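The numbers here are math on the coordinates, done by the rules we state, and not lab data. Just so you know, these numbers come straight off a predicted model, no measurement behind them. No Cβ is skipped: glycine too gets one built from the backbone with ideal geometry, and neighbour counts run over all protein chains shown.
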Amino acid sequence: MTVDLFGFPEPSDSPPRKRARTAKPAAVVTAIELAVEAAAPVTASERIYSVTEVTRSVRDALETSVGVVWVEGEISNYRKQSSGHQYFTLKDAQCQLACVLFARSGSWRKQVPLSDGLHVQVRGALTVYEARGQYQMNVQLVQVAGAGLLLAKFEALKRKLDEEGLFDPDLKKPLPKFPLSIALVTSPTGAALRDMLNILTRRAPFLRILISPVRVQGEGAGLELAAAVAELNEAPGNGLRRVDVIIVTRGGGSIEDLWEFNDERLARAIAASSIPVVSAVGHEIDFTIADFVADLRAPTPSAAAELVAPEKTELVRRLEQVGNQLRRCAMVRLEREKAQLLYLGRSVLFGEPRRRLNEAAQRLDFASDALSRGVKARLSESRQLISELLAVVRQHRPDQLLAIRRQQLAALNQRLTPCAQRRLEEQRQRLQRAADMLRLLAPQTVLERGFSITTALDGSVIQSVSEASPGMELLTRLSDGVVRSRVF
């Protein structure tokens, strides 16, 4: 007899069924043979298999015929052993599959914390746990369902904006060392906002903090974030004070929770901002497009507050240090000026000020006389040069030259007028001949002589019978209209 894939016997004289696979692995054949034992009485010539042999045959068949696959489903019955191994059931609406993730796959276990209800995609090999005779999947890789598509979208947008130069380090604006006002673009109810306010007020109580409330996750949140950044840049035009730094922030979350910070409109709004923008989204391991475009990326919201706000005690210490330096410099300068004043008081200048003034007045008189003599000499030279130039002009008599040029111009005008008229008449006759020829060759004239033009509906001209196919509609243009026809 023969056996089908489900282990049920068929009569030996029945025609063989068509299979999706024409050849089976040896392990599958063994499993099929084992099914015969359950379908017919045992005879002396038939072999009896042990449970271990049957189970291993099924395992070999399963591992050989299926191998490594990707499976998607929802985690349930999750438990983690002290050894680090994780056991769970992957299920969908109809079926469920037992899974085990051994501790040696810890790199993925750290990246994707598993829990009941989590929708994941797992990659692994189907096998049989021999002790229980239960088939299961030995999981090798785990990723959150949809994470692969989101990662592809993230990389595509990152590559596009990078090629446009939005990530260029030369475009990054430096943060002010001592900002006076900061704008926080975030959710007004998030824990990140409370942490940042605590740090900012502790480090720099003089700061003016402006909160721009927006949604930080869910569809449409990216547009709200972009609009908030744009509004803060337009604040001076609306009669509001300009802020020194903008912090776009939210707390940690999954890749789906942070996805709105990968919005292209937000990235372009940050790139176009004239105010320095700090991106502080999620935890240190989280990266978004906003991080790459921003002028500074902070690993966490709390770190952003510490990076932007100067430490109050450090600022006071620095101010005291600068004040002491100014006082020392002022004392040194005062001592130097006092010494200079004493030196001047003892100098000859203070002893004989009148003599110094008289000498200066005398030098001024000498300089005034020298200047007067120089001006008179220069004027005399200029008069003589003008006289010489007038004599040269009188010798050339420009009025006579102008009269000669006028006569020559009148003669040229008399010769030019007939030539121009003759040339114009020749061009007019040539244009008339061209117009007559154009009228003879015009399509309308050809149509009036009894010809026609046949075109397809798209306007292409039909020049050959081979271009017209049965069922094709044609337009035939005559001298007094158009005829529409169909080819049979």
Taking the Cβ of each residue in Leu151, Leu157 as the centre, tally the other Cβ atoms inside 10 Å and list the residues starting with the fewest. Leu151, Leu157
How many angstrom lie between the C-alpha centres of region 247-276 and region 350-385? 76
Order of Asp399, Asp257 under a 10 Å beta carbon neighbour criterion, fewest first: Asp399, Asp257
Please report, ordered by residue number, every helix of the chain (full DSSP H runs) that is 15 Å or longer along its axis going by C-alpha atoms and whose mean Kyte-Doolittle hydropathy reaches 0.5. 26-39, 221-233
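Subtracting the Cα-Cα distance from 0.36 nm times the residue separation, let me have the gained length for Ser485 to Leu307 in nm, one decimal. Spell out each step's value before the answer.
Numbers: separation 178, 0.36 × 178 = 64.08 nm, distance 7.99 nm.
Value of the extension gain: 56.1 nm.
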How far is it, in nm, from the label point at Lys80 to the one at Thr52 when both lie 7 Å from their Cα along the line to the Cβ? 3.6
In nanometres, the difference between 0.36 nm per residue of separation and the alpha-carbon distance of Leu150 and Leu364 is 68.3 nm
With DSSP loop assignment and no more than 15 other C-beta atoms within 10 Å, the trypsin sites (Lys or Arg not before Pro) in region 374-424 are none
How do Lys158, Lys177 rank when sorted from fewest to most other Cβ atoms within 10 Å of their own Cβ? Lys177, Lys158
Going toward the positive end of the dipole of the chain, with +1 on Lys and Arg Cβ and -1 on Asp and Glu Cβ, which of Gln321, Tyr87, Gly124 do you reach last? Gln321
Which distance in nm do the two modelled labels at Leu424 and Gln96 give, with both placed 7 Å along the Cα-to-Cβ direction? 10.5
What is the extension gain from Lys338 to Arg356, computed as 0.36 nm multiplied by their sequence separation minus the C-alpha to C-alpha distance, in nm to one decimal? 4.1 nm
